[in-house]
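Q: Just passing along the structure, written as structure tokens.
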Amino acid sequence: MTKFNDFKNKIPLPIRLFLGKALLFYIIWEVLYALFIHESPFPQQFLTNHVGNFSVLILNNLGDMTGFSCTNTSLISNYSGELIEEFYSEIYHYEKKILKIANACNGLTLMALYTGFIVCMPSLFWRKIKYILIGLIVIDAINIIRCVGLIYLSEYYHTYFDFAHHYLFKAVIYATTFLLWYIFARKIHLNHENLQNG
């Protein structure tokens, strides 16, 4: 126990505070997600439908492409004896189904992760609000562009679909999130707890 206390005391106080807040945020998020968010129409169904509808809107207005449509639906699945309702946006091109956007693809978890980092960092309240709002809009937009790219590749360049789905677009969206964190954190000095306006 003494070694643990010695190790803990070597960590600067601002970092300890950040890690403590991050752990608390993570526990609260996991409880809320399991109890309320996972099967809820809002924000899960709303966000999934939003991503599907906007992806189709962009595709139908991009150059000469037309004929894309989105059907928002739900499916009752049985996981280890537990019935869970999952929401999907199914993308069609002239009646041919080419992509299914599930809850896991709607960007909610990444938005929560991004928000948690901002909340846990020491900064002015309104600066946090500003960066959370801007960041959520950017992450949502990047995720919609990712889905547009996947739909396009699925229909026209299927050979590249798996690589883009599993690697390329994930790298882009995570790199964007890290860039937003970097921009937010660049004026925060944890060692001196000196907060600047930004």
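The values are calculated or read from the model by the stated rules, or taken from the named source; none is laboratory data. Keep in mind that this is a model prediction, so the values were computed, not measured. No Cβ is skipped: glycine too gets one built from the backbone with ideal geometry, and neighbour counts run over all protein chains shown.
Q: So which residues in the stretch 55-73 are assigned to a strand (DSSP E or B) and touching a helix residue (DSSP H, G or I) at 6+ places or on another chain (Cβ under 7 Å)? Step through it out loud before you land on a result.
A: Taking the stretch 55-73 and keeping what is assigned to a strand (DSSP E or B), we get 68-73.
Scanning the stretch 55-73 gives Phe68, Ser69, Cys70, Asn72.
Q: Is it true that Phe25 is of a type outside the set (S, T, N, Q), without any contact (Cβ under 8 Å) to a residue 40 or more places away in the chain and over 20 Å from Lys100 (Cβ atoms)?
A: On the way: of a type outside the set (S, T, N, Q): yes; without any contact (Cβ under 8 Å) to a residue 40 or more places away in the chain: no; over 20 Å from Lys100 (Cβ atoms): yes.
Judged against the criteria, Phe25 is not a match.
Q: Got a sec? Which of Ile139, Ile129 is within 28 Å of Ala34 (Cα to Cα), surrounded by fewer than 14 Cβ atoms within 10 Å (Cβ to Cβ) and out of contact with any Lys or Arg (no Cβ under 9 Å at 6 or more places or on another chain)? Break it down stepwise before answering.
A: Numbers: Ile139 fails: surrounded by fewer than 14 Cβ atoms within 10 Å (Cβ to Cβ).
That would be Ile129, the only listed residue that is within 28 Å of Ala34 (Cα to Cα), surrounded by fewer than 14 Cβ atoms within 10 Å (Cβ to Cβ) and out of contact with any Lys or Arg (no Cβ under 9 Å at 6 or more places or on another chain).
Q: Ile129 passes all but one of (1) part of a helix (DSSP H, G or I); (2) closer than 29 Å to Thr73 by Cβ; (3) not hydroxyl-bearing (Ser, Thr, Tyr); which number fails?
A: (2)
Q: Looking at the stretch 33-46, which of the residues that are more than 16 Å from the chain's Cα centre (by Cα) and not polar (S, T, N, Q) is nearest to Thr71 (Cα to Cα)? Please lay out each step first, then the result.
A: To start, the set of residues in the stretch 33-46 that are more than 16 Å from the chain's Cα centre (by Cα) comprises 34-36, 39-41.
Checking which are not polar (S, T, N, Q) leaves us with 34-36, 39, 41.
Values: Ala34: 26, Leu35: 27, Phe36: 25, Glu39: 19, Pro41: 16 Å.
Among residues in the stretch 33-46 that are more than 16 Å from the chain's Cα centre (by Cα) and not polar (S, T, N, Q), the one nearest to Thr71 (Cα to Cα) is Pro41.
Q: Now, a different point. Which of (1) touching a residue at least 12 places away in the same chain (Cβ under 8 Å); (2) closer than 25 Å to Leu32 by Cβ; (3) in a strand (DSSP E or B) is the odd one out, the single condition Ile76 does not satisfy?
A: The failed condition is (1).
Q: Condition (residue is over 30 Å from Ala185 (Cα atoms), surrounded by 17 or more Cβ atoms within 10 Å (Cβ to Cβ) and within 17 Å of the chain's Cα centre (by Cα)) applied to the stretch 64-79: is it met by at least one residue?
A: Taking every residue of the stretch 64-79 in turn, none turns out to be over 30 Å from Ala185 (Cα atoms), surrounded by 17 or more Cβ atoms within 10 Å (Cβ to Cβ) and within 17 Å of the chain's Cα centre (by Cα).
Q: Return the residue satisfying two criteria in turn: it lies in the stretch 109-126 and is part of a helix (DSSP H, G or I) and of a type outside the set (A, V, I, L, M), and of such residues it is surrounded by the fewest Cβ atoms within 10 Å (Cβ to Cβ). Write out each step before concluding.
A: Filtering the stretch 109-126 for residues part of a helix (DSSP H, G or I) gives 109-120, 125-126.
Restricting the remaining residues to those that are of a type outside the set (A, V, I, L, M) gives 109, 114-117, 120, 125-126.
Values: Thr109: 13, Tyr114: 23, Thr115: 19, Gly116: 17, Phe117: 22, Cys120: 19, Phe125: 7, Trp126: 9.
Across the stretch 109-126, the extreme among qualifying residues is Phe125.
Q: Considering only the stretch 28-68, how many residues are of a type in the set (A, V, I, L, M, F, W, C), at pLDDT below 90 and under 24 Å from Lys97 (Cβ atoms)?
A: First pass over the stretch 28-68, keeping only residues of a type in the set (A, V, I, L, M, F, W, C): 28-29, 31-32, 34-37, 42, 46-47, 51, 54, 56-59, 62, 65, 68.
From what's left, at pLDDT below 90: 34-37, 42, 62, 65.
If we keep only those that are under 24 Å from Lys97 (Cβ atoms) too, we end up with 62, 65.
Matching residues across the stretch 28-68 total 2.
Q: Within the stretch 97-139, count every residue that is within 24 Å of Leu59 (Cβ to Cβ), touching a residue at least 12 places away in the same chain (Cβ under 8 Å) and not small (Gly, Ala, Ser). Explain how you work it out, then say what you get.
A: Our first condition is that a residue be within 24 Å of Leu59 (Cβ to Cβ); within the stretch 97-139, this holds for 97-108, 110-111, 136-139.
Retained after the next criterion (residues that are touching a residue at least 12 places away in the same chain (Cβ under 8 Å)): 98-103, 105-108, 110-111, 136, 138-139.
Retained after the next criterion (residues that are not small (Gly, Ala, Ser)): 98-101, 103, 105-106, 108, 110-111, 136, 138-139.
The qualifying residues number 13.
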